[in-house]
Amino acid sequence: MRRTGCLVAMCCILLLGGCAQNARQAYIVAHNPIMDRNGGVLLLADVCVKRDVVGDDDYFMIDESKAGARAILDSTREYLQKNQVTVSRQYIPFVCGSLSQGNKGKTFKVAEKLDGTVTEKRPPFAVDPAIKGDPQLVEALSKLSADAFRRSSVMRITQQAKWTGKKPPHLSPAAVSPEEIAAASKLVATKMHASSIVYLGVNGTSISNG
């Protein structure tokens, strides 16, 4: 039997609008009128599930990550629609996009599925063929993923420090600058015809019996 522990979960709403410099990011769902433009919000999911095994042979699993992304997208669509937020479409661009920033050239162990053949690859993994031929879009989406995960981690660490009365630890510099995020937001908005995006991400660990 497998046990899955969720390490980091986040939901980031990008209200892109028509200009990248005015792109805003929020971590609380709010029905801003911009969310109804262009047919409603675009749901994106980036899930990254790692298999934790004995020793240092941990690896990421593509099929399990995609299954998690589909489940999250479906539940989020249902939640938003119940709250009168129109959803235009939902999409899984890749797996583990958050790993692709700050680790240029670095490879990670990955398998297509649990107990599958493990190989070394550079993230993001399993890029959807529909966007694979557009490296600019893939890079822009990866930047949004990396930034969203980092912001979520900073919020969690800061909140934990507040609860315990401790000073927040020193955080490493962001791998993606605000200027890069603004440019990435503009590119995504243009190429994906979206006024707003709900970007969902999960980092999780599936723990082996060992």
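Just so it is clear, none of the values below were taken in a lab; they were calculated from the coordinates. From a predicted model like this one, the values you see are computed outputs, not experimental measurements. All Cβ positions, even for glycine, are placed from backbone atoms using ideal geometry, and neighbour counts span all protein chains on display.
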Exercise. So for the pair Lys106, Val54, with labels modelled 7 Å out along Cα→Cβ, what separation do we get in nm?
Worked result: 2.8
Seminar exercise, completed: With +1 on the Cβ of every Lys and Arg and -1 on the Cβ of every Asp and Glu, the dipole magnitude of region 75-133 about its Cα centre, in debye rounded to the nearest 20, is 180
Seminar exercise, completed: The aspartates and glutamates whose Cα lies under 17 Å from the Cα of Lys82, excluding any fewer than 8 residues away in the same chain, are Asp36, Asp74
Seminar exercise, completed: Protection proxy (average C-beta count within 10 Å per residue), highest first, orders 107-120, 193-206 as 193-206, 107-120
Seminar exercise, completed: Expected unfolding gain across Arg151-Glu78 under the 0.36 nm per residue rule, minus the alpha-carbon gap, is 23.7 nm
Seminar exercise, completed: Applied in sequence order to region 78-95, the curve 6.51 cos²θ - 1.76 cosθ + 1.60 (Karplus, θ = phi - 60°) yields integer Hz couplings, x standing for Gly and Pro, of 4, 4, 5, 5, 5, 9, 6, 9, 6, 10, 7, 6, 10, 8, 10, x, 5, 10
Exercise. Taking the mean number of other Cβ atoms within 10 Å as a proxy for protection, how do you rank 70-82, 44-56 from highest to lowest?
Worked result: 44-56, 70-82
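What fraction of the Cα pairs in region 64-134, stated in percent, has a spacing above 21 angstrom?
40
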For this session: Report, by chain and number, residues whose modeled amide H sits under 5 Å from the one on Val41, excluding near sequence neighbours (fewer than 5 apart, same chain).
Result: Thr86, Val87, Ser88
